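The values are calculated or read from the model by the stated rules, or taken from the named source; none is laboratory data. Just so you know, these numbers come straight off a predicted model, no measurement behind them. All Cβ positions, glycine included, derive from the backbone under ideal geometry; neighbour counts span all protein chains shown.
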Amino acid sequence: MVCSLRHEARLRALGFSAPAGIDEAGRGCLFGPVTAAAVILPKDCKIRGLRDSKVVPPAERARLAARLKAESISWAVGYSSVTEIEAINILEASRLAMLRAVQALNPQPDFLLIDAIKINSPLPQQNLIHGDAISRSIAAASILAKFERDALLERFHEKYPSYNLASNKGYGTRDHLAALSLYGPTPQHRASFAPVRAIIESRKASS
């Protein structure tokens, strides 16, 4: 798959002047909020290397995030908290974070390109499967969402150093699960997620 601006160019040919790409990061994590970003790229975006953030090394991701913040027409980040994830489930919380990112854009977009799902917005929108691999706007949002969430997890690491969050970024790695088993969950752990729930139940049974 080639990550290009063809979807954005098609929308501009139809009369839309400010299509935005939207994506999230942290949906599969055991810890912390889910993060979303929304980005409106310029028509002649010259930023090379935009692609799915999961295949972008951290140093390059930081470089791309800085350029996106400097050169995008508009960009914004939205979050949905652990409390909201627990109350409405991770899919709906992801949609909520995406909506918050869109609402924070200035100027506002007139069309939304979203990776895989749709959100509760009156704006016209299209969900693209593997959108972060085929749309540069969605890839840009993927990079910003991942960059901002990783920065947030590094700050959480200072508060909860035992869980090695600066390295595992809240995912269910061996070291993270071992720390969870040893110390138990923090208020920022997603108690409804199976690995966290299992450790909570195990600790209750052994107490």
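What the table below lists for this structure:
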{"read-out": "Residues that are in a loop (DSSP other than H, G, I, E, B), of a type in the set (A, V, I, L, M, F, W, C) and either more than 23 Å from residue 111 (Cα to Cα) or not assigned by TED's automatic domain parsing to the domain that holds residue 70 (or both), drawn from the stretch 29-45", "value": "29, 30"}
{"read-out": "The stretch 159-184, subset in contact (Cβ under 8 Å) with a residue 24 or more places away in the chain and part of a loop (DSSP other than H, G, I, E, B), residue surrounded by the most Cβ atoms within 10 Å (Cβ to Cβ)", "value": "170"}
{"read-out": "All positions within the stretch 48-73 that are surrounded by 21 or more Cβ atoms within 10 Å (Cβ to Cβ) and either among the acidic types (Asp, Glu) or in a helix (DSSP H, G or I) (or both)", "value": "53, 64, 65, 68"}
{"read-out": "Residue in the stretch 187-207 that is modelled with the lowest pLDDT, counting only those that are of a type outside the set (A, V, I, L, M, F, W, C) and more than 20 Å from residue 25 (Cβ to Cβ)", "value": "207"}
{"read-out": "Hey, residue 132 in contact with a helix residue (DSSP H, G or I) (Cβ under 7 Å, 6 or more places away or on another chain), closer than 19 Å to residue 91 by Cβ and in a helix (DSSP H, G or I) or not", "value": "yes"}
{"read-out": "Cross-chain or 6+ apart pairs with Cβ under 9 Å, the stretch 99-128 first and farther than 23 Å from residue 52 by Cβ, then among the aliphatic types (A, V, I, L, M) and assigned to a loop (DSSP other than H, G, I, E, B)", "value": "107/18; 107/73; 108/18; 108/123; 110/18; 110/123"}
{"read-out": "Single unsatisfied condition, residue 146 versus (1) more than 21 Å from residue 67 (Cα to Cα); (2) surrounded by 14 or more Cβ atoms within 10 Å (Cβ to Cβ)", "value": "(1)"}
{"read-out": "Some residue of the stretch 185-192 being surrounded by 13 or more Cβ atoms within 10 Å (Cβ to Cβ), in a helix (DSSP H, G or I), out of contact with any Ser or Thr (no Cβ under 9 Å at 6 or more places or on another chain) and among the basic types (Lys, Arg)", "value": "no"}
